[in-house]
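The values are calculated or read from the model by the stated rules, or taken from the named source; none is laboratory data. None of the values given here were measured: they were computed from a predicted structure. Methodologically, a virtual Cβ is constructed for each residue, glycine included, from the backbone with ideal geometry; neighbour enumeration extends over all protein chains shown. Just so you know, the surface numbers come from the protein's heavy atoms only, side chains and all, with ligands and any DNA or RNA stripped out. Shrake-Rupley method; radii C 1.70, N 1.55, O 1.52, S 1.80 Å.
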Amino acid sequence: MIFWEIFLAFFIPGIIGYGGGPASIPLIEYEVVHRYGWLTVAEFGEVLALGNAMPGPIATKMAGYIGYEQGGILGAVVGVFATVAPSLILMIALLSLLMKFKDSPKVKAMTSLVRPTIAVLLGLMAYRFFDTSYTQLGLLQTGAIVAISYVLLERLKVHPAYVIGGALLYGGIFLG
């Protein structure tokens, strides 16, 4: 029974709370504080502050913590799943609709218009990363990381996850 309550406590705000974490926080508060009485208002405020202090989406961190407090590890899994389930269901539904009409000229035109936008956004993000790296590390460090990454990715066909992990390790050991 507790797992079903955990699921409902986070699934309902996920459906109703348009806009993600900040919009769903009052809805989560209603469920956990007023409806189920798992936390007091002060405790909820502390969980919210902890969730804001850590990186990532607020709602999923709160769901994991509160779910764990109420139902252990399985409760945390249920809480996090319930938080992301509305978006997941909608994504699957929209993707299946897109796949159904993938040969439609209108869908092809729409995707051909979206691709350049994504390319520009990724280019701007890469430029910002490069600029930040150049500012903080200097040209030699940044150039070395770029050159080594290029060789590993393009010439040696190393998986990007390993290249990113290696760059993080390098930064943590030698620059941190």
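The table below lists the values:
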read-out	value
Any hit, the range 144-159, residues being touching a residue at least 24 places away in the same chain (Cβ under 8 Å), surrounded by 10 or more Cβ atoms within 10 Å (Cβ to Cβ) and over 30 Å from Glu31 (Cβ atoms)	yes
Filter pass, Gly56 being loosely packed, with under 11 Cβ neighbours inside 10 Å and either under 24 Å from Leu27 (Cα atoms) or in contact with a His (Cβ under 6 Å, 6 or more places away or on another chain) (or both)	yes
Per-region count, the range 104-134, residues closer than 21 Å to Ile173 by Cβ and either touching a residue at least 24 places away in the same chain (Cβ under 8 Å) or open to solvent by 100 Å² or more (accessible area, probe 1.4 Å) (or both)	2
Residues of the range 59-83 satisfying the condition of being open to solvent by 60 Å² or more (accessible area, probe 1.4 Å) and under 17 Å from the mean Cα position of the chain (by Cα)	Tyr65, Val77, Phe81
Selected residue (only one of Ile148, Ile164, Ile173 is among the aliphatic types (A, V, I, L, M) and modelled with pLDDT of 90 or more)	Ile148
Residue within the range 32-49 that is of a type in the set (A, V, I, L, M), assigned to a helix (DSSP H, G or I), closer than 21 Å to Leu90 by Cβ and open to solvent by 50 Å² or more (accessible area, probe 1.4 Å) present	no
Where Ile28 falls short, out of the listed (1) at pLDDT 95 or above; (2) closer than 16 Å to Gly14 by Cα	(1)
Residue tally, condition outside any helix (DSSP H, G or I), surrounded by 15 or more Cβ atoms within 10 Å (Cβ to Cβ) and either in contact with an Asp or Glu (Cβ under 6 Å, 6 or more places away or on another chain) or of a type outside the set (Gly, Ala, Ser) (or both), over the range 1-31	0
